[in-house]
1. Kindly provide the pair-distance distribution of the stretch 1-78 built from C-alpha pairs, with 5 Å bins from 0 and whole-percent values in order of increasing distance.
2. Taking trypsin sites (Lys or Arg not before Pro) as candidate sites, keep only those in a DSSP loop with at most 12 other Cβ atoms within 10 Å, then name the longest stretch of the chain containing none of them.
3. Figure the gain on full extension for Asp82 and Ser98 (residue separation times 0.36 nm, minus the Cα-Cα span) and round it to one decimal in nm.
4. Given 0.36 nm per residue, what is the gain on full extension from Thr63 to Asp205 after removing their alpha carbon distance, in nm?
5. Report, in debye and to the nearest 20, how large the dipole of the stretch 165-211 comes out about its Cα centre when Lys and Arg carry +1 and Asp and Glu carry -1 on their Cβ.
6. Of Leu114, Leu123, Leu69, which is the most mobile in a GNM of the chain whose springs link Cα atoms less than 10 angstrom apart?
7. Give me the Kirkwood hydrodynamic radius of the stretch 140-206, using the inverse of the mean 1/r over all pairs of distinct Cα atoms, in Å to one decimal.
8. Please give the calculated 222 nm ellipticity per residue for the chain, where each DSSP H segment of at least 4 residues contributes -39500 (n - 2.57) and the sum is spread over every residue; nearest 500 deg cm²/dmol?
Amino acid sequence: MSKHIIRYRMPFVHEVHIGIEAESQEEALQIARELLEAGREVPLNNPLFPVLRDSLTEADGATPQYAVLKRVDTKHWPQPDDSVDMLRRRHFANLAASLLVQAIERQDAIDRELLDQAYLAALSATASPDGRPLPTTNRIAVIIEGDAVQSVVADRPQEVHVATVEYSPDGFGTDELRWITQGNGHQAQALVVEHFVEESAIHLDDIFDPS
């Protein structure tokens with residue numbers, strides 16, 4: 001028997017509802033476009049633009065599409081994508097939280113067995129696919145050479161989005177700039193560059209002081 005990687009695709013509709021205060025519906029729509037059309041994510045805890053819904057649903061009339069990506073001739077399967085690792089850790093994080101609540105809610109005393117199970121689930125949620133424990137904080141390093149960002153690395157790159165924001169840049173037209181809402185509610189134009197975040201090939205322990 002041979003090994004094959006099969007791709008399964010299903011079209012989905014991504015629906016997002018955001019609360020926006022504005023003088024008119026047209027202004028609210030314009031703010032929404034500036035927030036979302038550039039592919040930026042709105043933080044869930046943003047008090048200025050509260051996210052009220054963020055869902056993925058199958059598109060009407062969508063049919064699954066299957067394709068053979070490649071044949072695997074090695075003994076072991078390839079390492080799963082970061083998206084799979086995120087789902088795995090989210091599953092164990094939810095399991096750990098559920099077990100912890102059950103362990104503490106016991107009327108007589110804390111259930112030690114459930115507490116041990118919650119601990120094991122939490123370990124799985126904070127470990128890399130190969131079982132190595134991950135740092136409790138997600139450390140990020142920005143590599144700069146010649147006053148320019150060369151790369152951005154992190155312990156868990158799939159969890160973060162990084163962008164540089166430069167106000168009043170020289171040599172750029174207004175159509176190349178974005179309106180950025182400030183803490184006082186006012187807006188200012190800036191050059192925004194989003195950077196791909198990759199797993200660190202350098203030793204972050206040498207950069208961050210463990211103390």
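The numbers here are math on the coordinates, done by the rules we state, and not lab data. On a predicted model such as this, the values are computed, not experimentally measured, just so you know. Here the Cβ is made from the backbone with ideal geometry for all residues, glycine too, and neighbour counts use every protein chain on show.
1. 3, 12, 15, 14, 10, 10, 10, 9, 7, 5, 3, 1, 0, 0
2. Details: sites that count: Lys75, Arg106.
The reported range is 107-211.
3. Values: separation 16, 0.36 × 16 = 5.76 nm, distance 2.43 nm.
Separation in residues times 0.36 nm, less the Cα-Cα distance, equals 3.3 nm.
4. Numbers: separation 142, 0.36 × 142 = 51.12 nm, distance 4.75 nm.
In short, 46.4 nm is gained.
5. Numbers: 1 positive and 10 negative charges, 76 e Å.
The dipole magnitude comes to about 360 debye.
6. Leu69
7. Details: mean 1/r = 0.0726 Å⁻¹.
Evaluated over the stretch 140-206, this radius sits at 13.8 Å.
8. Numbers: 3 runs with 49 residues, N = 211.
The helix-only estimate for the chain comes to -7500 deg cm²/dmol at 222 nm.
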